[in-house]
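The values are calculated or read from the model by the stated rules, or taken from the named source; none is laboratory data. What you are looking at is a predicted structure, and each value in this text was computed from that prediction instead of being measured. Note that each Cβ is placed from the backbone with ideal geometry, even for glycine, and that neighbours are counted across all protein chains shown. Ligands, DNA and RNA are excluded from the accessible area calculation, which covers all protein heavy atoms including side chains. Shrake-Rupley method; radii C 1.70, N 1.55, O 1.52, S 1.80 Å.
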Amino acid sequence: MIRSYKFKQEANDSKLLHVTKILLEYRRIAKIIMKKQMVSVYKTGRVEFSNYIYKDIPTFLSERYKDVIKRQIDGMLKSYLSNRKNDFNDIIYRSSLTKEQKKELNIINYYSKWFDVENKLARKIIKQTFHKNSLPDVDKINMQLNTKVFTLEESTNSSYKYWIKLCTENRGKFIYIPLKDNSYFNKQKGELTNSAQLNFKNNKLSSVVLSLTKEKDLNYVGAKKIGIDIGLKNLITTSEGDLYSKGFMSKVSKYDMKIIKLQKELQKRNIKLKDNKRYTKLNSSLRGFIKNEANRVINNIIKTHKPKEIVSENLNFQNSNMSKRMNRLINKFGVGIINQKLMNLNEEKGIVNTKVNPAYTSLECSACHYIDKRNRNGEQFKCLWCGKTQHADINSTKNIIRRSDDTRIDIYTNKNKILQLLVDDFINNKRFCPSSLSSALFKKNKYVNVYASSAMSLLSIK
């Protein structure tokens, strides 16, 4: 497994100008290669592996640089196409097509044959996914380099950790970029990879990312399965009854108010948001807070409970008290951070990461499985059927655990189908029913009344 670490650079202005010159040409070539590769994608459904695709591009950069650029573009496109294949699967899975049609489309999608077979529906579906998801943006890409164009040398200066020896347009001439020491990196064990990423802000080199290959933690032994509920009031709630980061939403809301206020001021003065240092710093601080808090909480859960499996819903950070912009930012960034952390734990410690369908987990009683919107009142959950009272998020996590063991329900199962299954479970599991049934309560429950005929006959409710 590979982990990345950021180093601040200490290059002088002359070196930075030279690196910027290389960057601008790097991005220009990347755009050309991207266009060429997309021609290949529309013909074959795959990226072109041959290096001929860049041989005719005139540039002052070496062939080695062009090869490095192509590898970066290939990686971006492979990831993009993999996501579009998943979108394709989702569309046909949710469709009303026949089994035969779905099978044919699945085969086409598996082999990426959308454009070289006579199936108009396959083309229409994949084009729809392309239309909804724009191609990777190469206008502002960072430089992902390998040892064809750079070498890493240890520094004898106590202020620096390494020197990046970067190839230039002139053969035999190099730029030496000093990297500041990183105390966190020094604590890590592993071997350096042969790659480095040069990060830029406003076309100026800001940092360098190096990566370590680390071994899996063979000493970690998972003890149990736990469910987690992701939210804003409490960032993470566990099925063990833990409420982590209770003040998360209030802190995020403070950032939201500051950013909105500054945004309005800048718009009145016709100042572009990206050009304002205070605005970019606030956004950077918000991202840093979300990342640090998410990692801190999940690390705490691992240390406290030592889970062998973590079960969660498909994440969705939405809160009506925050702006649309903030909801979009937290959904995109926050979801990415938590998903990445869970993936890392799977690689590092072998902790299984299971996603479940979230339908009705917040309304179902984890004790008797009665579903009623009125069960939940803010953070309090009180079942109107059996009287069980507990924190609403803790109740949800218990349902999440149970959902992970239900082979009838997966993340694609229709909500109506899930509701039918849950109502049947509640009706048939009579040991959870109280001695005196409340017909009035049952009749007013819109969720149960979807299947009222069978339910009422079983309970003799007229």
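Between the Cα long axis of helix 63-94 and the first principal axis of the chain there is an angle of about 10°, rounded to the nearest 10.
Accessible area of region 108-226 with a 1.4 Å probe: how many percent of it is carbon plus sulfur?
On the way: 3400 of 7480 Å².
About 45 percent, which is the carbon plus sulfur part of the accessible surface.
Residues in region 107-263 average 58 Å² of solvent-accessible surface per residue, probe 1.4 Å, ligands and nucleic acids excluded. When the solvent-accessible area of region 1-102 is split by element, carbon and sulfur atoms take up 53 percent of it, the probe being 1.4 Å. Think of each Lys and Arg Cβ as +1 and each Asp and Glu Cβ as -1; about the Cα centre, that makes the dipole of the chain roughly 1380 debye. Listed by chain and number, the aspartates and glutamates placed with their C-alpha closer than 17 angstrom to that of Lys55 are Glu25, Glu63, Asp67, Asp74, Glu169; residues fewer than eight positions away on the same chain are left out. Please identify the chymotrypsin sites (Phe, Trp or Tyr not before Pro) of region 1-55 that satisfy two criteria: DSSP loop assignment and at most 15 other Cβ atoms within 10 Å. Which are they? Qualifying residues, ordered by number: Phe49.
Any chance you could run the full-extension gain for Tyr220 through Arg287? It's 0.36 nm times the residue separation minus the Cα-Cα distance, nm to one decimal.
Details: separation 67, 0.36 × 67 = 24.12 nm, distance 3.00 nm.
Separation in residues times 0.36 nm, less the Cα-Cα distance, equals 21.1 nm.
Set the Förster radius R0 to 51 Å, insert the Cβ-Cβ distance between Phe60 and Asp116 as r into 1/(1 + (r/R0)^6), and round the FRET efficiency to 0.05. My answer for the efficiency is 0.85.
Measuring between alpha carbons in the structure, the pairs from Lys70/Lys281; Lys43/Lys85; Lys251/Lys324; Lys36/Lys85; Lys148/Lys173 lying more than 23 angstrom apart are Lys70/Lys281.
Fully extending the segment from Lys268 to Ser207 would add 18.7 nm, taking 0.36 nm per residue of separation and subtracting the current Cα-Cα distance.
Summary of the geometry: region 246-312 and region 27-75, compared by the centres of their Cα atoms, lie 36 Å apart. Computing FRET efficiency as 1/(1 + (r/R0)^6) for Asp425 and Glu169, where r is the C-beta to C-beta distance and R0 is 51 Å, gives about 0.15.
The 1.4 Å probe gives accessible areas that order Asp229, Asp242, Asp56, largest first, as Asp56, Asp242, Asp229. Per-residue ellipticity at 222 nm, computed for the chain from helices alone with -39500 (n - 2.57) per DSSP H run of at least four residues, works out to -15000 deg cm²/dmol. Axis of helix 335-349 versus longest Cα principal axis of the chain: the two differ by about 80°, to the nearest ten degrees. Quantify, in whole percent, the carbon and sulfur part of the accessible surface of region 362-417 (1.4 Å probe; protein heavy atoms only). Percent of accessible area from carbon and sulfur atoms in region 362-417: 45. Against the chain, whose longest principal axis is taken from its Cα atoms, helix 415-428 shows a tilt of about 40°. A DSSP coil position with no more than 15 other Cβ atoms inside 10 Å describes the following trypsin sites (Lys or Arg not before Pro) in region 120-222: Lys140, Lys148, Arg171, Lys173, Lys187, Lys189, Lys214, Lys216. The mean sequence separation of alpha-carbon pairs under 8 Å and at least six residues apart, normalised by the residue count of region 184-281, gives a relative contact order of 13 percent.
At 0.36 nm per residue, and after removing the present C-alpha to C-alpha distance, how many nm does the segment from Asn353 to Glu10 gain when stretched out fully? Kindly include the intermediate steps, with their values, before the conclusion.
Working: separation 343, 0.36 × 343 = 123.48 nm, distance 3.99 nm.
Additional length available on full extension: 119.5 nm.
A simple spin-label model places pseudo-atoms 7 Å from Cα toward Cβ; at Arg3 and Lys303 they are separated by 1.5 nm. Only Lys, Arg, Asp and Glu carry charge here, each on its Cβ (+1 for the first two, -1 for the last two); on that basis region 82-230 has a dipole of about 340 debye about its Cα centre.
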